[in-house]
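Bear in mind these aren't lab numbers, they're just calculated from the coordinates by the rules spelled out. Quantities reported herein were computed from a predicted structural model and do not represent experimental measurements. For neighbour counting, all protein chains shown are included, and Cβ atoms are generated from backbone atoms with ideal geometry for every residue, glycine included.
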Amino acid sequence: MPLRLSRLFLLPLVACAVAQAQQPSSPTVPFEQAARAAALKSALAQPGAAPFHLRAVISDQKNHDPQWDAEVEEWWSSPTRYKRVFHSARFSQTLIVDGSKTQETVSGPVFPELLRNLTVELTNPIPRLDELAALHLTVTPPDGTQGQIVTRYKIPTTDGAGVTGSMDASVAIDRKTGLMIYGGNLDWDVALHDFASFHDLQVPRRLTAQTQGGPRLTAQMTLLEDLSPADASLIRVTKPTPAKQQLRIIVVPEPELRKLALDTPAPHWPDMAEGALSGSMTMRVVVDRSGQVQSIDNFFSNNPALQAAAEKQLLSWRFHPYLDHGAPVQVISTLTFSFEINRASH
C-alpha cells in the first residue's frame, strides 16, 4: 500500500524558524541529513534491520470516538517481504508483500488518513526528506546536550486560480539522544514517545497524532518481538492481486485535483460574530478511489470559526477518480479558499 508523492507537488517551501542557536565554529550538516539519521535510529522497517512481529492498538484519546479504534499486526522479514493486518470499524486491510508479488484484501472505501499515518509510522517514522532538502537549512548535529533541534516551515497551497494559503509543518530532533521526537506535514504527522531498545534500535512504543481541530489518536505497541520461523511462514502470497486493483495512495497538487471537479459547488460562508471578516482557508482533504471526498481536517484559516461550515459543505464534493497508470487511487491533497463575510449581530 505505497504512498507516492507527485512530483508536481514539490512546491517551494518557506522556512520560518530553526529553534537552535548555532555557534559560528560549530560543524553543521543539512537538516534533511540530520532528520534521516535521527529517524533511522527508530525505524523498524529499514534494510538490514532485525525481522520482527508487532501488535498495536490505536484509539482516540480526546473524545473516545469508537470510529478511531483500530488494531494493527505486522510480520516483517525485510522491506520486500512482510504481512500487515489492519482492522477498524470503517476500513480493514490485509496486505502481503513477497518480493515482486502482492496480495491485498480491503474493505471500506478509504483508509482514514490519521489511521494510515500512524500505522506506517509504527515501523517507518521517516519524514518527507525531499521537503526538508528544499528548505536548504543546516543544523548542528545532536551533541548530547539538553534541548531540541527544531525547524518549522510553511507548505504553500493554491487553488490554481490565484487564491493562496499555506499549511504549517515541522520536524524536531532531541539534541541529547539524537532521536526524532515529532514532526508533521501534509501526509506525515506523529509524535514519538516511550522509546525502548529493540536490537540496536530505540523504538517508540507509543505514538500520537492530532489534526487541527480533529481527534487525538494514540498508537500503543502491545507486542514487539523477534519474528519466529513459524510467523515468517505467514508471509506468503497465494493469490497475487493485480496492480490496478491494489490500494495506492498519492499526494496530489490541489490544482490537479480541481481539474477533476465533478460536483464542487462554491462554499457558502456564514456571517460570524467573531474573527476575521476576510482571508483564506486551507485544509487537507482525502478523496477515495471513486472521487468522493471522505475526510477534511488540518484547517489553517484567518478565521477558525468557519471550519465547521467548510467541513459540512465540502464533504459532499465529488471529483472524477484520479488515475495513476490507468488505475484509480486514493488522494491526499489540499483545498484552498478565500472568504469574505459580514459581522453577525449578537
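Among E121, E340, the ranking by other beta carbons within 10 Å of each residue's beta carbon, starting with the fewest, stands as E340, E121. Summarised as an ellipsoid, the range 249-340 has semi-axes of 26, 12, 10 Å, derived from the eigenvalues of the Cα gyration tensor scaled by 5 and square-rooted, with the largest first. Comparing mean-square fluctuations of V163, V285, V110 from a GNM of the chain with C-alpha springs under 10 Å, the top value falls on V163.
What the phi angles of the range 258-275 give under the Karplus curve with 6.51, -1.76 and 1.60, with θ = phi - 60°, is a coupling list of 5, 5, 9, 4, 10, 9, 9, x, 4, x, 9, 9, x, 5, 10, 6, 9, x Hz, glycine and proline written as x. Just to be sure I understand: with springs between alpha-carbon atoms less than 10 Å apart, which residue in L114, L314, L207 has the highest mean-square fluctuation in the Gaussian network model of the chain? Taking springs between Cα atoms under 10 Å, the residue moving most is L314. The stretch between T177 and L129 holds 15.2 nm of extra length on full extension. This uses 0.36 nm per residue minus the Cα-Cα distance. Across the range 162-176, coupling constants 3J(HN,Hα) worked out from phi with the 6.51/-1.76/1.60 Karplus curve, θ = phi - 60°, read x, 8, 10, x, 6, 10, 6, 9, 6, 8, 9, 10, 6, 5, 6 Hz, and Gly and Pro carry x. By other beta-carbon atoms within 10 Å, ranking L262, L129 with the fewest at the front produces L262, L129. Rg and Dmax of the chain, based on Cα coordinates, read 20.9, 70 Å. In plain terms, the chain from T80 to Q212 could stretch by 44.1 nm, reckoned as 0.36 nm per residue minus the Cα-Cα distance. Legend: ranking of residues D288, D231 from fewest to most surrounding C-beta atoms inside 10 Å; resulting order D231, D288. With Cα atoms as the point set, the radius of gyration and Dmax of the range 215-267 evaluate to 20.5, 57 Å. Take the Cβ atoms of A266 and H193, set R0 to 45 Å, and the FRET efficiency comes out at 0.60. Dipole size of the range 70-132 about its Cα centre, with +1 on Lys/Arg Cβ and -1 on Asp/Glu Cβ: approximately 180 debye, rounded to the nearest 20. Of Q202, Q294, Q245, the residue with the greatest mean-square motion in the GNM of the chain, using alpha carbon springs below 10 Å, is Q245. For K83, the lysines whose Cα falls under 29 Å of its own Cα, not counting residues fewer than eight places away in the same chain, are K41, K101, K239, K244. Spacing of the modelled spin labels on A89 and A50, each 7 Å from Cα toward Cβ, amounts to 3.8 nm.
The length gained on full extension between T138 and T222, counted as 0.36 nm times the residue separation minus their Cα-Cα distance, comes to 26.5 nm. In order along the range 146-153, phi translates into HN-Hα couplings of 6, x, 10, 9, 10, 10, 10, 8 Hz, rounded to whole numbers, per the Karplus curve 6.51 cos²θ - 1.76 cosθ + 1.60 with θ = phi - 60° and x for Gly and Pro.
If R0 is 22 Å, the Cβ-Cβ spacing of Q202 and S26 corresponds to a FRET efficiency of close to 0.35.
Per-residue ellipticity at 222 nm computed for the chain from its helices equals -3000 deg cm²/dmol, with DSSP H segments shorter than 4 residues left out and the rest contributing -39,500 (n - 2.57).
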